[in-house]
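The values are calculated or read from the model by the stated rules, or taken from the named source; none is laboratory data. None of the values given here were measured: they were computed from a predicted structure. Don't worry about glycine lacking a Cβ; one is built from the backbone with ideal geometry, like all the others, and counts go over all protein chains shown. Heads up: the accessible areas ignore ligands, DNA and RNA and are worked out on the full protein's heavy atoms, side chains in. Shrake-Rupley method; radii C 1.70, N 1.55, O 1.52, S 1.80 Å.
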Amino acid sequence: MASGTIRRRQAISVLAGCALLSCLVLDAARSPAGAADQVKIGISRTISDAGYYMADAMGFFRDEGMEVSITGFNSAAQMIAPLGTGELDVGGGTVSAGFYNAVGRGILMKIVADQASIKPGYGYSSLMVRKDLVDSGRYKSFADLKGMKVAIGAPGTGTASALNEALKKGGLKYSDVDVVYIGFPEHLPTYKNKGIDASITNEPTMTRAIEEGVAVRVAGNDVTYPDQQTAVTFFSDHFIKSRRDVAERFMRAYLRGVRMYNDAIKDESMFRRMIPSYCNPDGEVNVASLKKDLEFFRELGLIEKKDANVDGVVDGSFAKAAVAKLGPYRAQAN
């Protein structure tokens, strides 16, 4: 059997494990050992974390002389403090109003790469509605969301902006629903307890809720908010300034994991149930989408400083350096 086929099958096995791990990881998923450089990663426990798991399981981080530990959070907003203090080197998740406010207060960190984007066919984050509300006819269209209790991961996040775009489809405002904040994996038990009516939920929780008959996927975010930059990779200021060589090696390993992920998701059997996230294999961030979300945060009155801007918090140099070393991504043949 060709080595490429073997590695492809290994990648698919890793991805299957990622779906479970992204729901279950609460503390360090791997314990660093040995004399290798140690890198601490925070994740939001969604399928978009696959690039980190892939790079770890396939030995790409070890190839670059490092070991990683992974800690789960309910949202990237909860990673801001540990990224600011250097307790985390790397974070992955949506860009929040809290991120811009923290930077404005001098808690420095940078957006350095894409982690998940909403592209056609990659609606891994979707508007969900409780199944009994659909079955009874209480929910028939976007307009019927009015007055419902809707869950998102955290306030002032890209997920909130995605909910806002879905509400616009029904002629509604953000204030027309009762928004509650619940970590994505916890959406499933909350649906079971009828604690929420609807949600913006990410994979793999989305598919689990559908298969357990508690919620219906109404529309993927690729329909309601196409091309949104839903998740990014953050580097702490300490990681950038004090350990730049390690940060550069980390990015090379991470993008190798992302590229293998992109090649693996072309196998239809792998995602016959779940909808995959898309991650740019060259690490490029959709700055226009981030600017749109920032303006939404301003509309909600969540941004403290008038001069907060996207251009000042995005550092594409690490991804560019990694691509210069790895070469531009070229999809592997099936």
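Quick notes
- Scope segment 222-238; condition modelled with pLDDT of 95 or more, in a helix (DSSP H, G or I) and not β-branched (Val, Ile, Thr); matching residues: ASP237, HIS238
- Looking across segment 79-106 at every residue that is free of Cβ contacts under 8 Å to residues at least 60 places away in the same chain and of a type in the set (A, V, I, L, M, F, W, C), the one that is farthest from GLN38 (Cα to Cα) is identified as ALA102.
- Scan of segment 105-126 for residues that are open to solvent by 10 Å² or more (accessible area, probe 1.4 Å) and part of a loop (DSSP other than H, G, I, E, B), ordered by number: ARG105, GLY106, ILE107, LEU108, LYS119, PRO120, GLY121, TYR122
- If you go through segment 56-80 and keep only what is under 19 Å from ALA231 (Cα atoms) and assigned to a helix (DSSP H, G or I), you end up with ALA76, ALA77, GLN78, MET79, ILE80.
- Sole residue being under 28 Å from CYS279 (Cβ atoms) and not aliphatic (A, V, I, L, M), chosen from GLY195, GLY123: GLY123
- Flag for VAL129 being in contact (Cβ under 8 Å) with a residue 60 or more places away in the chain and either open to solvent by 20 Å² or more (accessible area, probe 1.4 Å) or in a loop (DSSP other than H, G, I, E, B) (or both): no
- Any hit, segment 264-280, residues being outside any loop (DSSP other than H, G, I, E, B) and crowded, with 19+ Cβ neighbours inside 10 Å: yes
- Restricting LEU88, LEU83 to those that are in a loop (DSSP other than H, G, I, E, B) and either in contact with a helix residue (DSSP H, G or I) (Cβ under 8 Å, 6 or more places away or on another chain) or open to solvent by less than 10 Å² (accessible area, probe 1.4 Å) (or both) reduces the list to LEU88.
- ASP293 vs. criteria in contact (Cβ under 8 Å) with a residue 40 or more places away in the chain, more than 20 Å from ALA247 (Cα to Cα), open to solvent by less than 50 Å² (accessible area, probe 1.4 Å) and charged (D, E, K, R): yes
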